[in-house]
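Read the figures in this text as sums done on the coordinates, not as results from a lab. These figures come from a predicted structure and were not determined experimentally. Cβ atoms come from the backbone with ideal geometry, glycine included; neighbour counts cover every protein chain shown.
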2 protein chains.
Amino acid sequence: MQLTDLETPALILDRNILDRNLARMREHITQLRTSLRPHVKTAKSIDVVRRSLERQPGGITVSTLKEAEYFFSNGITDILYAVGIAPNKLEHAAALRRKGAALVLLLDSVEAAEIVARKGVELGVRFPALIEIDSDGHRSGIRPGDRSLIEIGRSLHEHVGTALAGVMTHAGDSYNCSSIEALRDMAERERAAVVQCASELQEAGLPCPIVSVGSTPTATYAQRMDGITEVRAGVYMFFDLFMAGLGVCQIEDIALSVLTSVIGHQPDRNWIITDAGWMALSRDRGTAKQRIDQGYGVVCDLAGRPIDDLIVAETNQEHGIIADRHGRAVDLARFPVGTLLRILPNHACATAAQHSHYNVIAHEPVVEAVWPRFNGW
Amino acid sequence: MQLTDLETPALILDRNILDRNLARMREHITQLRTSLRPHVKTAKSIDVVRRSLERQPGGITVSTLKEAEYFFSNGITDILYAVGIAPNKLEHAAALRRKGAALVLLLDSVEAAEIVARKGVELGVRFPALIEIDSDGHRSGIRPGDRSLIEIGRSLHEHVGTALAGVMTHAGDSYNCSSIEALRDMAERERAAVVQCASELQEAGLPCPIVSVGSTPTATYAQRMDGITEVRAGVYMFFDLFMAGLGVCQIEDIALSVLTSVIGHQPDRNWIITDAGWMALSRDRGTAKQRIDQGYGVVCDLAGRPIDDLIVAETNQEHGIIADRHGRAVDLARFPVGTLLRILPNHACATAAQHSHYNVIAHEPVVEAVWPRFNGW
């Protein structure tokens, strides 16, 4: 099958670029003498994740129990569920553990530790859990130096329904860094935060087998990983315009695109109308706050090469409006009705989530495989 | 099953509110002596759409051929595909017509009309098509008065592979109106645009059986529908914060919400952390440009009542950050870990699309049914 045989919109994954991205991160993490626990939330595909696990210990990070369920049913047992656990998910988590999944939970309060411990006793399972550390003020976790660390650690360690598995942090604020230097600093801050917490737990006589960090920007720019047992990252597999804007990749490293058809024109406004709206591209406008606002995506030809200064300037549910980024005239005759274009996304996680499968290309324009993905909870 | 038995995040649909919204629009359109062709792109659920078709002719509007396929397989034959047709979808469209679907296409150029006509001949089918009229400069279509109207009409009428089915417009710019008066004017402008084009076609001796208008805001505020054969609307079924901000509904009319659990707190920042991030709520921030910015959604209790000034201020993929909209202190002790909350969405179409089914409630908190929905193309 050729790209020209697909009905649009359709999600395209370039396997050559994917493999290059996977190899680059793997080599970097190996050089830093730690290991990779890929985050599967971006790809949600066993075909992609298997490739990401090559020459790695085999553990993954998930953002939903549905991901845990799916990857476990595909033979992956070492699973970190890296979102603070909600009480109504504990029966599901227990069922997974009973089936043999080495599922590890996350929490950041004595309150949550006690809820999990009680439920563990009730269900007859022991839930291993990491303590979430807030290394950058971005979202969840306790700050390094917070005295509740030992209290939570002790609670997890001493209750029969729980076990203390270690500490983890996610430097989500790295997405707001404005230079490579700042990314390097953020990576070091992320590392130092959990290493400090791990030491404090050990000094208090508590175990801390896992010391986990991760975000694609910090994983890419980290210069040392002393004391770190694993690095989590997900979006590095596909990359996107946001990561390119942050300096974490080049436009050429973006493996994901949305194939679309020209369906009309508005000559007065220099608009090309397509059938890839926000439903196909996602509503993510991450680059809006970056130095270069890429609209809803960069417009490429069928071979994946960006065309002049064309971006998807506006979207409706199933319509995209392509225009010159500076509002200049567009030679509409170059893009007759039926022309196929490929749109590079702002945010790979969000765009991929709008689709049910990847049309895989390597030596374009042949679709060499269709890899299923899933969504939901 | 109770709401408290669900794993979060989960999509909740209040059937009482849905039915009230459906009845209100149906009565309004009936009073205007025209009929409703519900747009199924918001609900993508046969259970919802069947209710919307009560006492209406039975035709629907779709935004994808997958919608056409699904609703046709559920017994609905009269289907308008209201997005300009892309050439690579014509074989699929022909297959649907051969199976018995009265599928009508849309286009806005002689170029597209000729592509469709050629493919019709090649496939041995006749494709009926509407001409899209641009009543507001919002997106696709030709302007009223554009001389290509007759040319496109003649092309559709005279080719064996096509038939001229009429004209349609969508006043998408009604989403930018700032007063009820402006919405009324927009509705009249929408009506006048297609009625004028229908007359021009008829004066040129061409048929124009369908004269179609629609958008939820204009359908709600239209005061006359003379010359209009059908009105299309979709989001009125569920409504959302954007529509409330536009004055098209009240907060109490929003039938859709996302159930979420509190998973933690950041006392220093007055944040409540939940498990409904942008994956569950969508990335849609439609209210950001309105008078009242509702963040990623308004926070309600389990009964659906808004709580003080709490909104979802920020999201990550699977995390929501709830804060006071004015940045004031929040009594976090009221929201212990495990507390269930319901989030009203910015945009019903976008939020529903993140989920695979509706948990239907009527006399809360009992889940009386699970209605499946679908996504993709």
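Between the helical axis of B:15-31 and the dominant principal axis of chain B, each derived from Cα atoms, what acute angle in degrees is found, rounded to the nearest 10?
30
What nm distances, shortest first, do you get from the label point of B:Asp324 to those in the other copies when the point sits 7 angstrom along Cα to Cβ?
So the label point of B:Asp324 gives 5.0 nm to the other copies.
Excluding A:Leu183 itself, what net charge comes from residues whose Cβ is under 11 Å from its Cβ, given Lys and Arg +1 and Asp and Glu -1?
-3
Would any residue of region B:300-327 have its amide N under 16 Å from a label point 7 Å out along Cα→Cβ of B:Thr4? List them or say none.
Output list for this probe position: B:301-304.
Among the listed pairs A:Lys119/B:Lys44; A:Lys66/A:Lys119; A:Lys99/B:Lys66, give every one whose C-alpha distance is greater than 26 Å.
Checking Cα-Cα distances, A:Lys119/B:Lys44; A:Lys99/B:Lys66 exceed 26 Å.
So which lysines can A:Lys289 reach, going by Cα to Cα under 16 Å and dropping same-chain residues fewer than 8 places off?
B:Lys289
Which of these, A:Arg283, A:Arg334, A:Arg15, has the largest mean-square fluctuation under a Gaussian network model of chain A (Cα springs below 10 Å)?
A:Arg334
Label-to-label distances across copies for A:Asp78, with labels 7 Å out along Cα→Cβ, in nm, shortest first?
Listed shortest first, these distances are 6.2 nm.
Give me the inter-chain shielding for A:309-322: mean count of other chain Cβ atoms within 10 Å, whole number please.
3
Could you give the size of the charge dipole of chain B about its Cα centre, using +1 on the Cβ of each K and R and -1 on the Cβ of each D and E, expressed in debye and rounded to the nearest 20?
660
Of the DSSP beta bridges with both residues in the protein assembly as shown, give the percent that are antiparallel, rounding to the nearest 5.
Roughly 55 percent of the beta bridges in the protein assembly as shown run antiparallel, per DSSP.
What residue among B:Ala244, B:Ala348, B:Ala187 has the largest mean-square fluctuation in a Gaussian network model of chain B, using Cα springs under 10 Å?
Looking only at B:Ala244, B:Ala348, B:Ala187, the largest GNM fluctuation is found for B:Ala244.
Once a ≥ b ≥ c are taken as the square roots of the eigenvalues of the Cα gyration tensor of region B:16-237, is the result rounded (a/c under 1.5), prolate (a/b larger than b/c) or oblate (a/b not larger than b/c)?
Because a/c hits 1.5 or more and a/b fails to exceed b/c, region B:16-237 counts as oblate.
Averaged over peptide B:332-342, how many Cβ atoms belonging to another chain are found within 10 Å of each residue's Cβ?
If you average over the peptide's residues, the count of other-chain Cβ atoms is 3.
Build a GNM of chain A with springs between Cα atoms under 10 Å: which of A:Thr274, A:Thr218, A:Thr339 gets the top mean-square fluctuation?
A:Thr339
Please give the Cα centre distance for region B:221-271 versus region B:96-128, rounded to the nearest Å.
Going from one Cα centre to the other spans 36 Å.
Would you mind getting me the FRET efficiency between B:Asp185 and B:Arg143? Use the beta-carbon distance for r and R0 = 22 Å, nearest 0.05.
0.80
How far, in nm to one decimal, is A:Pro207 from itself in the other copies if the label point is set 7 angstrom along Cα toward Cβ? Shortest first, please.
7.8
In debye to the nearest 20, how big a dipole does region B:186-237 give about its Cα centre with +1 on each Lys and Arg Cβ and -1 on each Asp and Glu Cβ?
180
Sorted from fewest to most neighbouring beta carbons within 10 Å, what does the list A:Met25, B:Met1, A:Met243 look like?
Ranking A:Met25, B:Met1, A:Met243 by Cβ neighbours within 10 Å, fewest first, gives B:Met1, A:Met25, A:Met243.
Please report, in debye to the nearest 20, how large the charge dipole of the protein assembly as shown is about its Cα centre when each Lys and Arg carries +1 at its beta carbon and each Asp and Glu carries -1 there.
That gives a dipole near 940 debye.
Using DSSP, restrict attention to beta bridges with both residues in chain A and report what percent are antiparallel, rounded to the nearest 5.
The answer is about 55 percent antiparallel.
Length gain on complete extension for the stretch B:Arg269 to B:Glu91, per 0.36 nm per residue less the alpha carbon to alpha carbon distance?
Value of the extension gain: 58.5 nm.
Find the chain A residue whose Cβ sits closest to the rotation axis that carries A onto B, and give that distance in whole Å.
Closest Cβ to the A-to-B rotation axis, residue and whole-Å distance: A:Arg283, 2.
Separation between the A:Val370 and A:Ala204 pseudo-spin-labels, each 7 Å from Cα along Cα→Cβ, expressed in nm?
Those two pseudo-labels are separated by 5.3 nm.
Per the Cauchy relation, a quarter of the hull surface: what is the mean projected area of the convex hull of the alpha carbons in chain A, in nm²?
Computed as one quarter of the Cα hull surface, the answer is 18.3 nm².
Assuming 0.890 mPa s and 25 °C, estimate D for the protein assembly as shown with Stokes-Einstein, Rh taken as the Kirkwood radius over Cα pairs, in µm²/s.
Translational diffusion coefficient: 91 µm²/s.
Along the positive direction of the dipole of chain B (beta-carbon charges: Lys, Arg +1; Asp, Glu -1; about the Cα centre), which of B:Val116, B:Phe239, B:Leu11 reaches farthest?
B:Val116
When the helix-only estimate is applied to chain B (DSSP H runs of n ≥ 4, each -39,500 (n - 2.57), divided by the residue count), what is the mean residue ellipticity at 222 nm, nearest 500 deg cm²/dmol?
Calculated at 222 nm, the ellipticity per residue is -9000 deg cm²/dmol.
For the protein assembly as shown, build the charge dipole from Cβ charges (+1 Lys, Arg; -1 Asp, Glu) around the Cα centre, then report which of B:Val195, B:Leu22, A:Tyr296 sits farthest towards its positive end.
Result: B:Leu22, furthest along the dipole toward the positive end.
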